[in-house]
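Just below is one structure, and these are the notes that go with it.
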Amino acid sequence: PAALQLTFDNAWIHFTYVRPAAVTDVSYQVEWADALGAAWSSAGVTQHLLDDDGARRAIRAVLPKGGPAQRFVRLKVTK
């Protein structure tokens, strides 16, 4: 998969990202907010391993699409 990919279906947002497999002291969390400046949340987000070739891991996060307004999504990376 591409380094970052965002797809949608009726009720869900699918956010796919790739991370190095050898880096184990860094945490990756997908978060969302309904407005810029609002608090970010990881409520309802699940993450699944799609592929691991030993060098890279492809992860898909699934999160609720929300209401008719926009939803912002970010990948929070912390050490």
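Residue by residue, here is whether (1) in a strand (DSSP E or B); (2) touching a residue at least 24 places away in the same chain (Cβ under 8 Å) holds:
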| site | (1), (2) |
| --- | --- |
| ALA22 | no, yes |
| GLU31 | yes, yes |
| LEU49 | yes, no |
| GLY54 | no, yes |
| ILE59 | yes, yes |
| LEU63 | yes, yes |
| VAL77 | yes, yes |
key: Top-ranked residue in the stretch 59-71 [being surrounded by 13 or more Cβ atoms within 10 Å (Cβ to Cβ) and farther than 14 Å from THR16 by Cβ; ranked as farthest from the chain's Cα centre (by Cα)]   = GLY66
query = What residue, among those in the stretch 36-58 that are among the hydrophobic types (A, V, I, L, M, F, W, C) and open to solvent by less than 40 Å² (accessible area, probe 1.4 Å), is nearest to TRP12 (Cα to Cα)?
reply = VAL45
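The values are calculated or read from the model by the stated rules, or taken from the named source; none is laboratory data. What you are looking at is a predicted structure, and each value in this text was computed from that prediction instead of being measured. Neighbour counts run over all protein chains shown; Cβ positions are idealised from the backbone, glycine included. Surface areas here come from the heavy atoms of the whole protein model, side chains and all, with no ligands, DNA or RNA. Shrake-Rupley method; radii C 1.70, N 1.55, O 1.52, S 1.80 Å.
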